Amino acid sequence: MVFEAGKAILKYWLVVMEVIFKVIRQQQNSSPVVQTYLVEAEPGNTILDCLNHIKWEQDGTLAFRKNCRNTICGSCAMRINGRSALACKENVGSELARLQQIPSSQSKVNAIPEITIAPLGNMPVIKDLVVDMSSFWNNLEAVAPYVSTAARQVPEREFLQTPQERSRLDQTGNCIMCGACYSECNAREVDPNFVGPHALAKAYRMVADSRDSDTENRLASYNEGTKGVWGCTRCLYCDSVCPMEVAPLEQITKIKQEILTHQQASDSRSIRHRKVLVDLVKEGGWIDERQFGLQVVGNYFKDLRGLLSLAPLGLRMILRGKFPLSFEPSEGTEQVRSLIESVQQVENKS
């Protein structure tokens with residue numbers, strides 16, 4: 001039975017099928033157009049294989065980036081059916097199977113399956129599937145993505161690390177700078193100052209590196225306004241599309257924890273926002289909005305300008321009957337408090 005099942009699988013992956021590729025083509029500073037290509041492909045053919053077929057045998061003017069074909073260089077990142085991915089990693093069979101799981105995209109019976117290819121988002125198009133990645137690289141440079149040893153005396157041989165210290169760099173070290181996370185980043189789309197998940201994932205690699213001597217300055221930089229970690233909207237798209245499981249959002253969260261460890265609640269509104277939220281939830285199970293505004297924006301009544309900025313909103317809430325005059329703790333507050341304290345104890349031990 002195992003042999004027969006293997007034969008069936010092999011037979012499926014060797015079947016030649018017709019697939020329609022809808023490629024979003026665009027010249028610089030012009031509107032995009034959709035061009036359709038009919039390709040004969042096997043389920044095991046990668047999307048890059050099919051694009052090569054189109055370029056070599058149907059349309060030599062089609063432009064896209066590629067290099068290694070082995071999920072190493074990150075050059076062939078593009079949007080495949082609406083999500084950023086590596087064309088050399090995704091294949092026709094698995095992509096069509098994924099589409100079948102989306103009710104709105106299920107094709108008619110006996111219809112030729114379709115795959116839509118588009119350039120990465122959040123970057124201007126140069127031609128077809130080739131985008132200008134200048135902002136991507138500039139934002140990476142902005143986080144100083146290299147180990148600083150300026151404050152240390154140069155050793156006779158090299159800077160040594162224990163296996164445990166080195167293991168902290170494994171996940172972020174897998175980043176191949178493909179741009180998939182940057183393409184899907186909602187925060188980057190609305191805030192041009194936000195450096196992007198790729199840069200902050202690399203930033204955590206520097207924070208976690210035992211050889212680096214500039215941690216305090218790094219954390220101060222990553223803590224500035226919305227260009228650093230506080231600009232992240234936590235939409236999780238970066239984690240979902242990363243082909244190397246770097247999990248940029250996870251790394252951003254680790255930087256936040258480092259900032260919270262190194263700084264006091266009164267140092268910035270971003271820090272207060274995080275700490276006050278946790279404290280109020282521990283106290284009442286959910287957030288007392290009255291205290292939240294006063295403590296975060298008003299800095300515990302120390303920031304008069306912040307307090308005055310709340311006055312117009314508070315007045316509108318009172319006039320519309322939306323201002324909470326009292327606060328009732330939620331059910332299960334003790335359990336919530338116990339859970340938060342347990343997590344905090346684990347974090348303190350690590």
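The values are calculated or read from the model by the stated rules, or taken from the named source; none is laboratory data. On a predicted model such as this, the values are computed, not experimentally measured, just so you know. Cβ sites come from the backbone with ideal geometry, for glycine too, and all protein chains shown count toward neighbours. Just so you know, the surface numbers come from the protein's heavy atoms only, side chains and all, with ligands and any DNA or RNA stripped out. Shrake-Rupley method; radii C 1.70, N 1.55, O 1.52, S 1.80 Å.
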Sorted by average packing, counted as other Cβ atoms within 10 angstrom per residue and highest first, what order do 227-239, 164-176 take?
227-239, 164-176
Write down the accessible area per residue of segment 133-262 in Å², having rolled a 1.4 Å probe over the full set of protein chains.
50 Å²
Can you list, largest first and rounded to whole Å, the semi-axes you get for segment 269-348 by taking the square root of 5 times each eigenvalue of its Cα gyration tensor?
27, 17, 7
May I ask which residue of Gly196, Ser210, Cys242 lies farthest towards the positive end of the charge dipole of the chain, with charges of +1 (Lys, Arg) and -1 (Asp, Glu) on Cβ and the Cα centre as origin?
Gly196
Quick check on my link table: of Lys227/Lys302; Lys254/Lys302; Lys282/Lys302; Lys256/Lys302; Lys227/Lys254, which ones sit more than 18 Å apart, alpha carbon to alpha carbon?
Lys227/Lys302; Lys254/Lys302; Lys282/Lys302; Lys256/Lys302
Mean projected area (nm²) of the alpha-carbon convex hull when segment 133-262 is viewed from all directions
8.1 nm²
Ignoring ligands, DNA and RNA, what percent of the 1.4 Å accessible area of the chain is carbon and sulfur?
53 percent
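When the expected Rg is taken as 2.2 N^0.38 Å, what fraction or multiple of it is the alpha-carbon Rg of the chain?
On the way: Rg = 25.5 Å, N = 350, 2.2 N^0.38 = 20.4 Å.
For the chain, the normalised Cα radius of gyration is 1.25.
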How big is the Cα convex hull of segment 17-127 in projection, averaged over all directions, in nm²?
7.2 nm²
Using alpha-carbon positions, what is the distance between the centroids of segment 318-335 and segment 205-249, in Å?
35 Å
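For a protection proxy built on the mean count of beta-carbon atoms within 10 angstrom, sort 330-341, 114-125, 286-297 highest first, please.
114-125, 286-297, 330-341
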Highest GNM mean-square fluctuation, the chain, Cα pairs closer than 10 Å: which of Gly321, Gly298, Gly44?
Gly321
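As a check on your grasp of the helix formula, calculate [θ] at 222 nm for the chain: sum -39500 (n - 2.57) over DSSP H runs of n ≥ 4, divide by the residue count, round to the nearest 500.
When only DSSP H runs of four or more count, the value is -13000 deg cm²/dmol.
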Placing unit charges on C-beta atoms (Lys and Arg positive, Asp and Glu negative, everything else neutral), compute the dipole magnitude of segment 133-262 about its Cα centre in debye, rounded to 20.
80 debye
Average accessible area per residue (Å²) across segment 17-127 - probe 1.4 Å, nucleic acids and ligands excluded:
51 Å²
Rounded to whole angstrom, the alpha-carbon centroid of segment 286-312 lies from that of segment 56-125 at a distance of 49 Å
Ranking Ser309, Ser135 from most to least accessible area with a 1.4 Å probe gives Ser309, Ser135
